[in-house]
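Values quoted throughout were computed directly from the atomic coordinates according to the rules given, and no laboratory measurement underlies them. This is a predicted model, so every value here is computed, not measured. With ideal geometry, Cβ positions are generated from the backbone for all residues, glycine too; neighbour counts draw on all protein chains shown.
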């Protein structure tokens, strides 16, 4: 399907789009032949590329600048209007009754491309002290593609895009613990036309997120500290297809995330947050016989913990790690930094992040910057992302 799809594209755009697909997915489907080559060449399993790939990988793309500046942590840091993406259970612990966030992330700016971007609109409302409702809309534009036939004659332009619509409900079960449920609709419109006798169509899926959040005050070395713990299983949903062929269906990026954060309140002016998240795709690891593609979504989730052909060592290499820090001065100005690490055989995303934020009255602005630490390109490398936050309440919020 992919080979025929690329042949439909304008040759001038082909290199850029091919690079985009590789960067968006940040992996490549590795076939039986590739794994066999590793074995034939005597490459140790820990050095053999075997990336876990999915459809619509943008479901896992960080769309807002606060977490984007902290190494993509978000499961346990203080709640805000973007919590619906990371951990909907946090929403009930927002100190502000109503919040809205608007985010924009330009992609591939270092290649001179200006029409590929990710945008996000999210907001929440607390009808009472114990609960919260939220919604978000994420939209990704792949830019404009000019289609031609095999003679080079222009057949028309097309603008592939994807969007995801979420609704969430969060409720406190005690003064320190909450749970959340989010439902989402996924719409992926990547191409049009006929491929191998099948007409390409819009890929659609529905999914759910289940999340938990714990927060409590503790004392560390005489410093008032808040300990936060978050866990979320996101994108639990059906496999997606872009043709009428029911056998040609791909997994969406179901994910398990566990995170912790410590908020240190040194005095009335200075606070520091240290956070760590660990994530794993609940999607089958590619097998040499291709059998992983035959599993349904639920079987894929449960099998993803023990299906790596190289054993437990490969399973551990599928975990992604994020560490981040956030410093606030007088709840007015913030500095942030972080690091994200993915094993070289599972995608090789490794990068430092940094950023800053300001808050005044109901308004906040966050900026983030990403610097890769490996030779692999990243669509957000050397690009500024920004988010606007509006807190419609007189109650001050510790982090926006």
Report summary line: Note to self: C-alpha centroids of segment 73-110 and segment 146-180 sit apart, in Å, by 17 Å
Requested in this report: Express the C-alpha Rg of segment 132-252 as a ratio against the empirical globular expectation 2.2 N^0.38 Å, rounded to two decimals.
Outcome: 1.60
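What's the extension gain from residue 371 to residue 316 if we count 0.36 nm per residue and subtract their Cα-Cα distance?
17.3 nm
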Query raised in the report: Using the Kirkwood radius built from alpha carbon pairs, what does the Stokes-Einstein equation give as D for segment 2-391 at 4 °C and 1.567 mPa s, in µm² per second?
Result: 59 µm²/s
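Can you put 175, 101, 119 in order, fewest other beta carbons within 10 Å first? If you can, show how the numbers build up before the last one.
Numbers: 175 10, 101 28, 119 16.
The order, fewest Cβ neighbours first, is 175, 119, 101.
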Report summary line: Ranked from fewest to most other Cβ atoms within 10 Å of their own Cβ, 318, 129 fall in the order 129, 318
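I need to check one value: relative contact order of segment 2-391, counting alpha carbon pairs closer than 8 Å and at least 6 residues apart, in percent.
Relative contact order, segment 2-391: 19 percent.
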**Report entry** Relative contact order (%) - criterion: Cα under 8 Å, at least six apart; region: segment 219-348
**Finding:** 20 percent
Report summary line: Once normalised by the length of segment 180-276, the mean sequence separation of its alpha carbon contacts under 8 Å that are 6 or more apart gives a contact order in percent of 23 percent
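Exposure proxy check: 244, 277 ranked by fewest other beta carbons within 10 Å?
244, 277
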Query raised in the report: Using alpha-carbon positions, what is the distance between the centroids of segment 326-353 and segment 233-253, in Å?
Result: 31 Å
